[in-house]
Amino acid sequence: MKKNVRVLITDNVISNMGDAAILLAMKSSFEEAFGPGTDVRNCYCGVTREAGPFAKFYPELHFTSTLWNAGRDWTIAKWDIWGRLIRKTATERFPLQARLRRMGFPLFLLTSHERELFREFEEADIISVAGGACLSTSWTVPFMRKSRVAQYQVAHALGKPLFVYAHSLGPFRDGDNFPDLLHDSLDHAAAVLCRDAEAVKAAREQIKLLGDNVHQTIDEALRIIPRPPSKLLAPEKKKPLRVGICVHDYIWPGAADRPAKQADFEARIARVCQSLLERGDTELVFLTSHQKVEGSFQDDEPVGRRIQELLPAPLRPDAHHVTGFVHPREFSYFMGHCDLVLSSRLHGGILSLVGGAPVVVLEYEPKSRGLMRQIGLEDWVLTMADATSDEITAKITELLSDLPKTRERARAGLAEGQKLAKRNIEIVVEAAQAHWAKSERGVLPSRVSQAESKP
């Protein structure tokens, strides 16, 4: 087994808890597989220019720059022709420089700042696309696509094993050319790990990946380890039952009146909350996986506030809100101690399940149902767009009516999910070792040494 492996993870969006949970779990999996000396680095991609606030929130993660910075940020103050030329050509220059580098040429196509980023790719042993759902029509808008694909091209040109780690490929809208842009890079990847059957279908039918490097696994966040919160997040439980609520502000693709669609959703959830509170034995706690913190691009906390305002005034004191940053491990522990969690966020549901709580999942994209189907809990899924308040309330009531049985099903589903999630790193290790063995035999060009990489 190779020692002191360096892993470079691209395309993470650390500003939401789901992606953060995936990165934390990936780091643990790589260290478990290759040893404590494993150096896992994350190419930061977010709305702030640098990873500063997230380096503060996640000191256990090592952040680096990304081609996104080279193409959009680093010369932002230089609005002359030369500055614009540097930005606009970054996604072409990096792959070309990688090909020339393998032929022994120096880094003459890159600026000094860009060379530092290039060495992150050059000195990596494994390059992996972060787990999640960034490779879809919705989450990789046209102006971001070149920088994503260029990173994969650099990996291939340098002879690095490239992985797509437990991903929801797609959905892709009709007429979108993104699958065509991805084809060559993913077709030559060491492994493409799809976290559900829908992603496998997108890989096969839309990206046209026909080789044996496509595998169905499951979301890596199922491997995260919960920990108790460092501070009190909500008042101590006073009622026999506590139900967690993790709901969000959705984009509602195709809706003629998006605000009206969102308002209807919140009204339905408010009626569910009212029904639960009127039982007299239940209290609620609202905690979102997309919190209002510096650098985040989406804040779901106002959704819970608006829902609370729709409740009759006498019921509101039993609906508590958790605000501000909560670490994914602490989210898992806290929500996992609820008797049940209602979540429209996929990772709100995953982290709650890992922490020990049964979950009713409101599906907004195929990935939610796909995960629950794999762990035998698809009957706990309702649709975010169409499920009525009565249907949601009935499902919650059904699961609460026999909590021992419900908890046993949740534990069994979690065990199956964690077993599937372990396959992610097992496949990566096997494919990486095969890649390195071919490289050593000369089937692949040998990797450039760190000494040779210095300018």
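Just so it is clear, none of the values below were taken in a lab; they were calculated from the coordinates. Everything numeric here is computed off the predicted structure, so don't read it as measured data. Backbone-built Cβ (ideal geometry, glycine too); neighbour counts: all protein chains shown.
General remarks:
- Restraint check, Lys3/Lys160; Lys208/Lys438; Lys367/Lys395; Lys27/Lys201, Cα-Cα greater than 22 Å: Lys208/Lys438; Lys27/Lys201
- 3J(HN,Hα) along region 337-354: 8, 6, 6, 6, 10, 9, 9, 9, 8, 4, 7, x, x, 4, 5, 5, 5, 4 Hz, from the Karplus curve 6.51 cos²θ - 1.76 cosθ + 1.60 with θ = phi - 60°, whole Hz, x for Gly and Pro.
- Cα-Cα pairs of region 241-414 separated by more than 27 Å (percent): 18 percent
- Relative packing of 187-193, 315-321, which averages over residues the other C-beta atoms within 10 Å, highest first: 187-193, 315-321
- Between Asp187 and Lys56, the contour length at 0.36 nm per residue exceeds the Cα-Cα span by 43.5 nm.
- Per residue, the average separation of C-alpha pairs within less than 8 Å and at least 6 apart gives the chain a relative contact order of 16 percent.
- Using the Cβ-Cβ distance between Asp257 and Asp390 with R0 set to 22 Å, the FRET efficiency works out to roughly 0.40.
- Distance between modelled label sites at Val293 and Lys88, nm, 7 Å Cα→Cβ extension: 3.8 nm
- Of all beta bridges that DSSP places with both ends in region 241-414, some 0 percent have antiparallel geometry.
- Burial order of peptide ranges 355-365, 240-250 (average beta-carbon count within 10 Å, highest first): 355-365, 240-250
- Under a 5 Å amide H cut-off, with hydrogens placed 1.01 Å from N, Val359 pairs with Val341 among residues at least 5 apart or on other chains.
- Inter-site label distance for Arg173 and Asp402 at 7 Å from Cα along Cβ, in nm: 4.5 nm
- Normalised by residue count, region 158-296 yields a Cα convex hull volume of 205 Å³ per residue.
- Sequence-ordered 3J(HN,Hα) estimates for region 144-156 from the Karplus curve with 6.51, -1.76 and 1.60 and θ = phi - 60° stand at 8, 5, 4, 5, 5, 5, 4, 5, 5, 5, 4, 4, 5 Hz, glycine and proline given as x.
- Backbone N under 18 Å from the Asp281 label point (7 Å along Cα→Cβ), restricted to region 387-414: 393-408
- Cα→Cβ-extended label distance, 7 Å offset, between Ile81 and Leu241, nm: 7.1 nm
- For the chain, share of DSSP beta bridges that run antiparallel, in % to the nearest 5: 0 percent
- Kirkwood-Stokes translational diffusion coefficient of the chain, alpha-carbon pairs, 37 °C, 0.692 mPa s, µm²/s: 143 µm²/s
- Across region 220-294, Cα pairs under 8 Å and at least six residues apart give a relative contact order of 44 percent.
- 5 angstrom amide H check on Asp39, placed H, neighbours 5+ away: Val5, Arg6, Val7
- Quotient of Cα Rg and 2.2 N^0.38 Å for region 307-378, N being how many residues it contains: 1.22
- Amide H partners (placed H, <5 Å) of Asn12, local residues excluded: Cys43, Cys45, Ala130
- Charge dipole magnitude, Cβ of K and R +1, D and E -1 - the chain, Cα centre, debye nearest 20: 1120 debye
- Candidate aspartates and glutamates - alpha carbon under 15 Å from Lys88, same-chain residues fewer than 8 apart omitted: Asp73, Asp80, Glu114
- Over the chain, DSSP H runs of length four or greater, each weighted -39,500 (n - 2.57), average out per residue to a 222 nm ellipticity of -14500 deg cm²/dmol.
- Peptides 86-95, 330-339, 269-278, 224-233 ordered by packing proxy, namely the average of other Cβ atoms within 10 Å per residue, highest first: 330-339, 269-278, 86-95, 224-233.
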